[in-house]
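Report on the following structure.
The values are calculated or read from the model by the stated rules, or taken from the named source; none is laboratory data. These numbers were taken from a predicted model, which means no experiment stands behind them. FYI the Cβ positions are ideal-geometry reconstructions off the backbone, even for glycines, and counts take in every protein chain you see. Note: areas computed on protein heavy atoms with side chains; ligands, DNA, RNA excluded. Shrake-Rupley method; radii C 1.70, N 1.55, O 1.52, S 1.80 Å.
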Amino acid sequence: MTRRFGSGGGISDVSLSVESGELFVLVGPSGCGKSTLLRLIAGLEYPESGEIRIGGQSAGDRRDLIAMVFQNHALYPHMSAFDNIAFPLRLRHTPKPEIERKVAEAVGLAALQIDLARRPPELSGGERQRVALARALIRQPRVILMDEPLSSLDAQLRGRLRLEVKEFQRRTGRTIIYVTHDQLEALTLGDRIAVMRAGALEQVGSPTDVYQHPANLFVATFIGQPPMNILRCRLPQPSGPTQTASEHAPALPPALEIGDKLASAMPFGLSGEVLLGIRPEDLSYNSSSDAAAFEASFRRVEFIGSGFLAYATVAGQEITAMLDQPVEPGRTRWLYAPLRALHFFDPATERRLD
Amino acid sequence: MNGSTVIRPAGQPRADLKSPWAALARIIIEALVVLGAAVPVYLLIKQALTPELESFAWPPRWLPHALTLAHLEGVFELAELRSALILSVAVAAVAAVAATALGTMLAYAMARRESLRQAGMAGVTAARLLPMIAVALPLTIVLINLGLYDSASGMGLALIHAALAIPTTALTTYGVFAAIPPEQEEAAFLDGASALRIFLAVDVPQAKAAIAASLVLSFIMSWDEFAFALLIQVTHRTLPPLLYYYTVFGDVGSASALALVMLVPALAVIIALRPMLKSGLVAGTQR
């Protein structure tokens, strides 16, 4: 499937293709155009230029090919759950026995276990979303579009239904395009994810790819929680003294001086400044031969159950670290990060340097 | 919402309304409201069923002393009653259905199209501000040209009554349509429904209560309308002008008896639409 867009509303020059049978997640902060993109695919809005193709053919009225699940479920409150699910079939004058058979099938696939005579206002949030799933499925669409279907539910239910969406997709084998602003939802759910900002695509790839190799500074800080630390670093002058990362007194804050050892780990020739990215979970007390060292002054430590979230400064710049041992605020300790876990970005273009 | 907002189950009085004084005050207020509505109706019934002299007795008597069916019999003997009753029902029914159908569609358009909202509101308000009797003469000429002036069917009058009631029906239903999330319509669109089908299957059922209220209000507006009825139905009269002649003659008993007869169909419409008024209120709850 190929879908191309010109500038339609909040979207400019977006071009992407979704594989058949894939769970594809569009993620980005609110207002980034992800919902507009979904509505364009649905045909609820029209692109000013460009086109949308489904299954190789240009899709005009594509209502038979797609179905949509909305954030507020958009069920018809005056109809029973059964009538809600059967509505698309009734519009097509499907015979009654066939309606009953298909509704039963969709109800099974959506793992819906309720009295179908009840109406949406009498159902719980999770049950309503399952009814919406069944309604989307009943028409046998090629693509199911989901616009933040779980964001109005509480955290616990959201986690459970996230698993269910994944299983639902495996059972049904449908192509699903899923919009969310929640980076964790994107990482856990997507076969592939597309990170969007300001109406443009920033990166498209598998969750591990996007997490481990963020294409630019925005993706690096948007994906992952707590967000990746970004340190401004000064690269060593060719003739300068050789020092490891933080042995140098922070005489020239706020930039961090980079030692030769670290510089040699960078597979690119640069001079001047570079942005160094380190995920909080990659920092630890464990020293090793292929680790970069940072002298951190701790300011505050929070116990978060699985470990300790520490706030510290390195060469005058603030960082966070996920640590397995607590540390006293006010102390200074060395933190280490494996060289392969370091990310570098160009300060001017904000692009990843490899 | 501020900090003082108290959340409580629907229908349960607030705790501070449970004190005995508050309960007493509530009973008194409720009694006054009921009395205010019931006393005129009681007097009407009393006047219709007692001899003329008793209505003018001084000091006035609250309880009837002698009962008579003479006034009612007189009204029913009136040759014109049957035709006026039928004509009034026909005019009010047609006016109510037309005003509700058109007003509902106007309200829907206003709720869904930003560009129509301002213009629609201005038009509806202007129509209410204008004293309609000021344009009575031009309207009469229009009806003469259409061949609907003083027609036996009363459809000219029904047309005017419908026009008079459209602002009311539009305003009654507007809020409900505005409260229906557009996503429901988008879902129906993607399910394959046409625009008309979306309106009829998704929006109208949720606006049932407001539509029933519109029907009741516009029916009663037409049922009681006097000025245009007097002007246009000169020979084929509806009930209000008929009632007017009794009042002019000063026959209080017969006027009351006719007014009593007029109450019955209006009450019947309200009672007939009651289930719709109730069911619609429940169906309107979203989430």
Within region B:58-94, backbone nitrogen closer than 18 Å to the virtual label 7 Å beyond the Cα of B:V39 toward Cβ: B:58-64
Per the Debye formula with a single identical scatterer at each Cα and no solvent contribution, what log10 I(q)/I(0) holds for region A:285-346 at q = 0.13, 0.16, 0.28 Å⁻¹? -0.35, -0.52, -1.24
Cut-off 20 Å, label 7 Å out along Cα→Cβ of B:F226, residues of region B:135-154 by amide N: B:135-137
Rank A:H93, B:H236, A:H73 by accessible area, highest first, at a 1.4 Å probe radius? A:H93, B:H236, A:H73
Share of Cα-Cα pairs in region B:150-267 lying beyond 17 Å, as whole percent: 67 percent
Rg and Dmax of region A:111-197, Cα atoms, in Å? 13.2, 43
Kirkwood radius from Cα pairs of chain B plugged into Stokes-Einstein at 37 °C, 0.692 mPa s, gives D in µm²/s equal to 147 µm²/s
Is it possible to state the helix-based mean residue ellipticity at 222 nm for chain B, with each DSSP H run of 4+ residues giving -39500 (n - 2.57), the sum divided by total residues, to the nearest 500 deg cm²/dmol? What is it? -24000 deg cm²/dmol
Nearest 10, in degrees from 0 to 90: the angle of helix A:155-172 to the longest Cα principal axis of chain A is 60 degrees
Which value, in Å², gives the accessible area per residue of the protein assembly as shown when a 1.4 Å probe is used on the protein heavy atoms? 49 Å²
Per the C-alpha gyration tensor (a ≥ b ≥ c, the square roots of its eigenvalues), region B:43-106 is rounded if a/c is under 1.5, else prolate if a/b beats b/c, else oblate; here it's oblate
Over the alpha-carbon set of the protein assembly as shown, work out the extent along each principal axis and list the three values in angstrom, largest first. 122, 66, 50
Could you check the spin-label model distance between A:E51 and A:S30? Points 7 Å from the Cα along Cα→Cβ, value in nm. 3.7 nm
Shielding of A:66-75 by partner chains, average beta-carbon count, 10 Å: 4
Row for region A:34-166, column shape: gyration tensor on C-alpha, a ≥ b ≥ c, rounded if a/c < 1.5 i.e. under 1.5, prolate if a/b over b/c, else oblate; value oblate
All-pairs Cα distance distribution in region A:269-313, expressed in whole percent, bin size 10 Å: 18, 47, 28, 6, 1
Semi-axes, largest first, in whole Å: what does sqrt of 5 times each Cα gyration tensor eigenvalue give for chain A? 49, 23, 14
I want to check the label-to-label distance for A:T208 and A:D346. Put each point 7 Å from Cα in the C-beta direction and report it in nm to one decimal. 2.9 nm
Could you tell me the distance between the Cα centroids of region B:182-244 and region A:47-90, to the nearest Å? 32 Å
Once the Cβ-Cβ distance between A:Q225 and A:L163 is put in as r, and R0 is 22 Å, what FRET efficiency do you end up with, to the nearest 0.05? 0.70
Order of exposure, largest accessible area first, which applies to A:E281, B:E30 with probe 1.4 Å: B:E30, A:E281
Taking only protein heavy atoms and a 1.4 Å probe, the highest-to-lowest accessible-area order of A:R118, A:R62, A:R174 is A:R118, A:R174, A:R62
Neighbouring partner chain Cβ atoms per residue of B:178-189, average, 10 Å criterion: 5
Please report the buried accessible area for the interface of B with A, total over both chains, probe 1.4 Å, in Å² to the nearest 100. 2100 Å²
Please work out, to two decimal places, the log10 of the ratio I(q)/I(0) at q = 0.18 Å⁻¹ from a Debye calculation in which every Cα of region A:149-240 carries one identical scatterer. -0.89
Calculated [θ] (222 nm, deg cm²/dmol) that DSSP helices of n ≥ 4 give over chain A, each run adding -39,500 (n - 2.57): -7500 deg cm²/dmol
Distance in nm between B:R112 and A:R92 label points, each 7 Å along Cα→Cβ, equals 2.3 nm
Would you mind pulling out the separation of the Cα centroids of region A:181-207 and region B:101-127, in Å? 42 Å
Give me the percent of the accessible area of chain B that comes from carbon and sulfur atoms, probe 1.4 Å, all protein chains in place. 73 percent
Reachable aspartates and glutamates from A:K96, criterion Cα separation under 14 angstrom, eight or more residues apart if same chain: A:D83
Over region B:156-287, what relative contact order in percent results from Cα pairs under 8 Å that are six or more residues apart? 33 percent
Area accessible to solvent at A:R192, 1.4 Å probe radius, in Å²: 60 Å²
Residue by residue through A:117-130, how many Cβ atoms from other chains fall within 10 Å of the Cβ on average? 1
Note the full-extension length gain between B:M276 and B:R82 as 0.36 nm times their separation in residues minus their Cα-Cα distance, in nm to one decimal. 66.9 nm
Could you compute Rg(Cα) / (2.2 N^0.38 Å) for region B:78-176, with N its residue count? 1.23
Linear extension gain, B:A163 paired with B:A101, 0.36 nm per residue minus alpha-carbon span: 21.2 nm
Give the angle, between 0 and 90 degrees and rounded to the nearest 10, that separates the Cα long axis of helix A:125-137 from the longest principal axis of the Cα atoms of chain A. 70 degrees
Separation between Cα centres of region B:155-178 and region A:118-147, rounded to whole Å: 37 Å
Surface/4 estimate of mean projected area, convex hull on alpha-carbon atoms of region A:58-101, nm²: 4.3 nm²
Report the FRET efficiency, 1/(1 + (r/R0)^6), for A:D290 and A:D13, where r is their Cβ-Cβ distance and R0 is 60 Å, rounded to 0.05. 0.90
Just want to confirm a number: the relative contact order over chain B, from Cα pairs under 8 angstrom separated by 6+ residues, in percent. 27 percent
At 0.36 nm per residue, and after removing the present C-alpha to C-alpha distance, how many nm does the segment from A:D154 to A:E100 gain when stretched out fully? 16.2 nm
